[in-house]
Every structure is written in structure tokens, then in C-alpha cells.
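The values are calculated or read from the model by the stated rules, or taken from the named source; none is laboratory data. Quick caveat, the model's predicted, so the values are computed rather than measured. When we count neighbours, we look across all protein chains shown, and the Cβ atoms used for this are built from the backbone with ideal geometry, even at glycine.
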Amino acid sequence: MLGLMQQRPLLISNIVDYVATWHAKTEIVSRDPQGVIHRSNYGEVATRAKRVANALVKLGVGHGDRVATLAWNSWRHLELYYGVTCSGRVLHTVNPRLFQEQIVYIIDHADDGYVFFDLDFVGLVEQLAPHLPKVKGWVALCDARDLPAVKVGNLLCYETLLAEVSPDYVWPQFDENTACTLCYTSGTTGNPKGVLYSHRSTLLHAFAACAADGMAFSAKDSILVIVPLFHANAWSIPFSCAMCGAKLVLPGPKLDPESIYTLLEQEACTKAGGIPTIWLNFLAWLDANKGKLDLSKLKLKMIFSGGTAAPRATIQKVRDDLGIFLLHAWGMTETSPIVTLGSPLAKHENATPDEIVDMQVKQGRQVCGVELKLVGKDGETLPHDGQSIGELKVRGNWVISGYFKGEGGKVVDDDGWFGTGDVATIDPDGYVQLTDRLKDVIKSGGEWISSIEIENLALLHPDVFEAAVIAIPHPTWQERPLLLVHPKPGANPTKESILEFLSTRIAKWWMPEDVVFVESLPHTATGKLLKTELRTKYGGAVAVKG
Ligand code: AMP
């Protein structure tokens with residue numbers, strides 16, 4: 001027997017209408033590249049999103065057509081987030097930090113008809129345009145008076161386009177499985193592949209993101225969105241925060257610690273999300289400027305961190321220096337991205353501060369709405385004992401079923417499980433702990449050594465700013481770990497001091513074969529350690545003891 005409840009499509013326009021009706025005056029604050037603060041609100045953003053929809057109609061952009069952005073976190077980018085998706089087009093957020101050839105590839109692959117770009121990217125756009133004959137127009141995200149001469153065919157001005165059309169527009173109703181946003185994964189090998197989200201997946205994911213044991217967004221929050229709008233829908237923030245009417249603070253391109261601090265203080269931010277490197281730099285700057293800052297002015301209650309493992313040292317410093325909780329998140333572009341979040345359980349009420357940190361270092365518990373399992377080398381399901389190491393597989397309503405245009409072939413098994421390529425343990429409470437990417441695992445004498453765990457421990461050394469561990473070949477043990485260390489500014493650690501520090505913290509057979517000091521470590525366009533480059537550079541070059 002079927003239930004007798006209404007079935008209305010889950011569409012992003014539901015959220016946008018909600019926030020425009022009930023939280024119209026809640027602020028959307030943006031800082032532009034020059035540092036100028038712009039104040040808008042959900043009401044204005046929603047009205048202008050309707051102008052965006054009318055402008056797209058005028059430009060001849062059809063239902064399902066892709067529209068690209070090359071833009072920082074700003075109110076105009078948010079307008080596109082709502083206007084493009086709610087009107088039935090697909091917003092393709094392009095990561096401007098990708099290599100130029102990759103950007104050309106993905107804009108071409110996505111068949112983007114129009115590219116909306118921030119003025120910071122004029123040079124990039126001029127280089128891209130000759131390689132992208134299918135792009136019909138390039139829309140500069142600025143006022144007519146600021147429109148520079150850009151050497152591209154059909155240069156358009158965003159504000160002029162919006163001024164020429166009406167804000168009257170009724171969001172259309174359509175199938176909730178309709179595509180809404182497109183984001184390409186920035187794999188280190190091969191061409192990027194497109195993840196095509198649907199309205200339904202986006203809404204379900206946003207509900208999970210808002211939940212109390214999720215990122216716990218509420219109308220009382222002011223959220224600093226450091227995670228880029230061009231990376232996996234900024235962890236759902238444009239949608240989940242609109243769902244509850246939280247104030248958004250969009251920092252533009254300046255993400256240095258001082259700029260972040262200024263926004264946190266001025267905009268009374270209660271939550272902020274970004275990758276661990278952001279927090280690493282921020283905490284180092286706080287240390288250096290302790291005497292000059294009045295931290296009591298901050299309203300910050302929680303930081304969320306994902307994309308790479310949040311190191312223990314960072315989690316402890318967030319607790320000790322800021323007096324707040326770091327919520328560790330894990331997921332992938334392919335999973336919308338949230339799969340696990342490190343919120344505490346009732347049993348942690350009585351836990352010691354160190355036990356809480358032990359829990360926070362893990363990547364968190366699976367949120368309800370997706371399913372997770374740990375799989376061994378022969379495909380067997382492994383127990384949640386905190387010891388068994390296997391690959392994480394995931395399935396659910398906001399997990400990919402296939403890449404855009406079928407690239408990569410079949411990516412889920414017959415039961416819908418998607419292999420994440422991440423290797424982990426799951427403890428009896430459900431907390432996942434990532435040990436490695438499958439391709440980064442160090443196979444030593446038939447056992448696996450976790451590069452993430454050694455990196456994490458190395459970061460506890462007072463002179464270590466950043467650390468990376470890669471596998472190097474070994475005649476007896478097959479592979480051994482090599483530790484690369486970027487020291488803190490002004491620090492001069494020795495190899496011996498680092499090895500001695502580690503020797504009391506890890507098993508003897510996990511000890512790095514060698515330590516190499518570097519001036520910096522390479523990162524991918526989404527801030528992850530670029531281990532392929534490190535392996536090429538250091539993987540074979542180190543003399544290995546027999
Ligand atoms: P992306 O699709 O660019 O978001 O990258 C997803 C990958 O980032 C995952 O498969 C993990 O390898 C890594 N990742 C994401 N969050 C974390 C985390 N909290 N700890 C460790 N690795 C992470």
C-alpha cells in the first residue's frame with residue numbers, strides 16, 4: 001500500500017524560495033579581490049538570480065545546457081549558483097587553479113556555452129579563448145564601468161546583462177533527477193572526469209550537512225566559506241546554509257591568515273570551513289601575532305576541515321589557542337562530498353581532552369543517507385574493529401552512479417558500491433580512520449604502513465611545518481617510507497632529532513628510512529599533497545640501506 005503524502009520534486013528552487021521568503025534580510029557579505037566589502041542579502045541574491053535566469057533565456061541557453069564559472073567566492077557567484085540551477089541549466093564550476101590544458105579540456109568536454117569569469121582571470125580567459133571555439137560568450141562578473149578590454153570574441157558584462165532583463169521569473173518545476181551542477185575531479189593522472197549532481201542528490205545532501213551531528217548550521221550562524229565554490233559545491237554550503245538562513249561570508253581570493261582573521265572578527269563568524277593547510281597557516285600566524293590580537297572578540301564556535309587529513313597538532317592548537325572544536329570531514333567530489341563527519345557521541349561527554357582529540361583525528365562517522373563499507377583485498381567485507389585495513393566503498397543518494405558522458409566506464413559494482421580508492425579502518429563506534437590513498441599505500445614486508453599517520457606524527461615535532469611520506473623501493477622489504485619535511489620558518493631541525501622524536505611514537509618497522517628536508521611541498525589544485533610529483537623526484541633517488 002502506498003502512503004498518501006504529497007510528492008513534490010526536490011528542487012534547489014525550493015531552498016531559494018524558502019530563504020528569499022523567510023530570511024530575505026540575512027546578509028551575504030563578500031570581499032572582492034581589492035579588499036572592498038560588498039553587502040547583499042538572500043532577498044537580493046534570489047531576486048538577481050531570477051534576472052540571471054532571464055538573461056540566460058535571452059542568451060539562448062537552453063534547459064540542461066552548461067554554464068561555466070571561473071570565479072572566487074562572491075555574491076555574484078552565489079547568484080549564478082541559484083539562477084543557473086533553479087532555472088534548469090547546469091552550473092559548471094571550474095577550478096581556476098587547474099593547469100590551463102585541463103581547463104581547456106573540461107570546458108570543451110562539458111560543452112559550456114558561456115563562461116562567467118572574475119576580472120582576476122582576464123589573462124587566463126584570453127589564453128583559454130582561442131582553444132575553445134564552442135564557447136559562445138565570455139561574461140565578465142563586473143559593472144559596465146569596470147569592464148576591461150578582454151581579447152575574446154563576444155565579451156559580455158554581467159551587470160549589463162542583468163540590468164537589461166526583468167527580475168520577474170517563476171522557477172520552473174521539473175524532474176528532481178535533473179542535473180544541476182557539474183564539477184570535475186582533479187585526478188593526478190589522466191583527464192579530469194565530470195561529476196554531475198542532481199537537484200535531488202543536492203537537496204538530500206544539504207539536509208544531512210545541516211543536521212546537528214553534521215555541520216549543525218542554523219539561522220544564528222555566520223559562516224566563513226573558505227572552501228571554494230568551485231570545489232564539490234563548497235561542501236554544500238550554498239545550499240545547506242540557505243536551507244536554514246545562515247549568514248554567508250564569502251572571502252574572495254585573499255585567504256592569508258590576516259584577511260581570514262579580519263573577516264572572522266568583523267562579521268562575527270561562528271563557523272568556518274577550509275582545508276587543513278588554511279588552518280595550519282592561520283594558527284602559525286596567530287602564534288606570531290598573539291600579543292597584538294584580542295581573541296575574545298571572536299565569536300567562532302567551530303571550524304570544519306576536510307580535503308586532507310586534519311593533523312593532530314592542528315586539532316590540538318584549535319582547541320588550545322581558540323578554545324573551539326575542529327570538525328573533521330571526509331568525502332570526495334564523487335560523493336557530493338560529505339560521507340563522514342567527526343561529531344562526538346554521548347560517551348564523549350565524559351572523555352578526557354586527549355580522548356576527544358583521538359576521536360577528532362579520525363575522519364568521522366558515516367552520516368545517515370549514504371552507506372559505507374570496508375572491503376579487503378579479495379572483496380570481503382571487513383569488521384569494524386579499528387584494526388582491519390581495507391578500501392572504503394560507498395553508495396547512496398548523493399554518490400555518483402557514473403561520470404559525465406560515461407568517462408571511465410562502469411564505476412560502481414552491480415550493487416551500486418563505488419570504490420573510493422581510500423584505505424581506512426573503521427572502529428566499533430563507526431569512526432573511520434584513513435590511512436592512505438590506495439595508490440599511496442606503503443607495502444613493507446607484506447604489511448601496510450600508513451603514510452597519513454607518520455605525517456601526522458611528524459607534524460607534532462615543534463620544528464615541522466608540513467610533512468609528506470612516500471614509498472621508496474627496498475630490496476628486502478619491497479617498500480619503505482621516506483619522510484619529506486618542510487621545516488617551520490627559522491627552524492633548523494636535524495634528521496636525527498626528527499627520527500628520535502618519531503622513534504617513541506611509532507613501531508620500529510614504521511620508522512622512515514630517511515628524512516629529506518625541502519623548502520616547500522607541492523600541492524594539487526585542491527590543496528592535497530602532490531605525491532606523484534614527490535615520487536618522481538624522490539621515489540628512486542634515495543640510497544636505501546639493505
Ligand atoms: P576531492 O574529490 O578532490 O575532494 O578529493 C577526495 C579525496 O580527498 C578523498 O578520496 C581522500 O583521499 C581525500 N580526503 C578528503 N577528505 C579527507 C580527510 N578528512 N582526510 C584525509 N583525506 C581526505
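Being within 16 Å of the ligand (Cβ to nearest atom) and either surrounded by 19 or more Cβ atoms within 10 Å (Cβ to Cβ) or over 22 Å from THR308 (Cα atoms) (or both) is true of THR277.
Table: residues versus (1) more than 22 Å from ASP168 (Cβ to Cβ); (2) free of Cβ contacts under 8 Å to residues at least 60 places away in the same chain.
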{"residue": "LEU4", "(1), (2)": "yes, yes"}
{"residue": "LEU10", "(1), (2)": "yes, no"}
{"residue": "TYR18", "(1), (2)": "no, no"}
{"residue": "TRP22", "(1), (2)": "no, no"}
{"residue": "PRO33", "(1), (2)": "yes, no"}
{"residue": "ASN41", "(1), (2)": "no, yes"}
{"residue": "VAL45", "(1), (2)": "no, yes"}
{"residue": "ARG48", "(1), (2)": "no, no"}
{"residue": "VAL52", "(1), (2)": "no, no"}
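Of all residues in segment 437-462, those that are within 18 Å of GLY421 (Cβ to Cβ) have Cβ atoms under 6 Å from Cβ atoms of residues that are away from the ligand (no atom under 12 Å from the Cβ) and among the acidic types (Asp, Glu), 6 or more apart or on another chain, in ILE442/GLU479; LYS443/GLU479. Screening LEU263, LEU224 for residues that are part of a strand (DSSP E or B) and touching a Pro at 6+ places or on another chain (Cβ under 9 Å) leaves exactly one candidate, LEU224. Number of residues in segment 246-265 that are in contact (Cβ under 8 Å) with a residue 24 or more places away in the chain and surrounded by fewer than 21 Cβ atoms within 10 Å (Cβ to Cβ): the value is 9. Residues in segment 488-508: is at least one within 15 Å of the ligand (Cβ to nearest atom), free of Cβ contacts under 8 Å to residues at least 60 places away in the same chain and within 22 Å of SER388 (Cβ to Cβ)? No, segment 488-508 contains no residue that is within 15 Å of the ligand (Cβ to nearest atom), free of Cβ contacts under 8 Å to residues at least 60 places away in the same chain and within 22 Å of SER388 (Cβ to Cβ). Scanning segment 290-305 for residues that are in contact (Cβ under 8 Å) with a residue 60 or more places away in the chain and in a strand (DSSP E or B) yields MET302, PHE304.
The residue that is nearest to the ligand (Cβ to nearest atom), among those in segment 394-417 that are aliphatic (A, V, I, L, M) and surrounded by fewer than 21 Cβ atoms within 10 Å (Cβ to Cβ), is VAL411. When CYS368 is tested against the conditions (1) surrounded by fewer than 21 Cβ atoms within 10 Å (Cβ to Cβ); (2) over 24 Å from LEU460 (Cα atoms); (3) within 16 Å of the ligand (Cβ to nearest atom), the lone failure is (3).
What about ARG480, is it charged (D, E, K, R) and in contact (Cβ under 8 Å) with a residue 40 or more places away in the chain? Yes: the conditions hold for ARG480.
Counting only residues that are at pLDDT 95 or above and either of a type in the set (Ser, Thr, Tyr) or more than 14 Å from the ligand (Cβ to nearest atom) (or both), segment 179-195 holds 4 of them.
Checking each residue of segment 157-171 against the condition of being under 30 Å from PHE282 (Cβ atoms) and either in a helix (DSSP H, G or I) or modelled with pLDDT of 95 or more (or both) gives no match. When restricted to residues that are part of a helix (DSSP H, G or I), without any contact (Cβ under 8 Å) to a residue 60 or more places away in the chain and in contact with a strand residue (DSSP E or B) (Cβ under 9 Å, 6 or more places away or on another chain), segment 209-221 contains 0. Among residues of segment 402-428 that are under 28 Å from GLY386 (Cα atoms), those with a Cβ under 8 angstrom from a residue that is of a type in the set (Phe, Trp, Tyr), sequence gap 6+ or separate chain, pair up as VAL411/TYR403; VAL411/PHE418; VAL412/PHE418; ASP422/TRP330; VAL423/TRP448.
For the structure I just gave you, tell me whether ASN41 is of a type in the set (S, T, N, Q), modelled with pLDDT of 95 or more and within 27 Å of LEU196 (Cα to Cα). So ASN41 fails the test. For segment 461-468, the count of residues that are farther than 30 Å from PRO487 by Cα, surrounded by fewer than 22 Cβ atoms within 10 Å (Cβ to Cβ) and more than 21 Å from the chain's Cα centre (by Cα) is zero.
Here THR308, THR333, THR340, THR270 are screened, and the one residue that is more than 16 Å from the ligand (Cβ to nearest atom) and either of a type in the set (Asp, Glu) or touching a residue at least 40 places away in the same chain (Cβ under 8 Å) (or both) is THR270. Within segment 507-527, can you find the residues that are crowded, with 17+ Cβ neighbours inside 10 Å and either aromatic (Phe, Trp, Tyr) or at pLDDT below 90 (or both)? Answer for segment 507-527, where residues must be crowded, with 17+ Cβ neighbours inside 10 Å and either aromatic (Phe, Trp, Tyr) or at pLDDT below 90 (or both): TRP510, THR524, ALA525, THR526, GLY527. Being on the phi < 0 side of the Ramachandran plot and within 16 Å of the ligand (Cβ to nearest atom) is a property that VAL518 lacks.
Across segment 282-289, not a single residue is classified as under 23 Å from THR435 (Cβ atoms), within 23 Å of the chain's Cα centre (by Cα), assigned to a helix (DSSP H, G or I) and of a type in the set (Phe, Trp, Tyr). For segment 418-448, a residue qualifies if it is away from the ligand (no atom under 15 Å from the Cβ) and either under 23 Å from the mean Cα position of the chain (by Cα) or of a type in the set (Lys, Arg) (or both), and the qualifying residues are GLY430, LYS443.
Among the residues of segment 375-393, the one identified as over 28 Å from the mean Cα position of the chain (by Cα) and assigned to a strand (DSSP E or B) is THR381.
Among the residues of segment 496-524, those that are over 30 Å from the mean Cα position of the chain (by Cα) and more than 22 Å from ARG312 (Cβ to Cβ) comprise GLU496, GLU513, ASP514. Taking segment 311-330 as the range and being in contact (Cβ under 8 Å) with a residue 24 or more places away in the chain, more than 16 Å from the ligand (Cβ to nearest atom) and in a helix (DSSP H, G or I) as the test, the residues that pass are GLN316, LYS317, ARG319, ASP321, LEU322.
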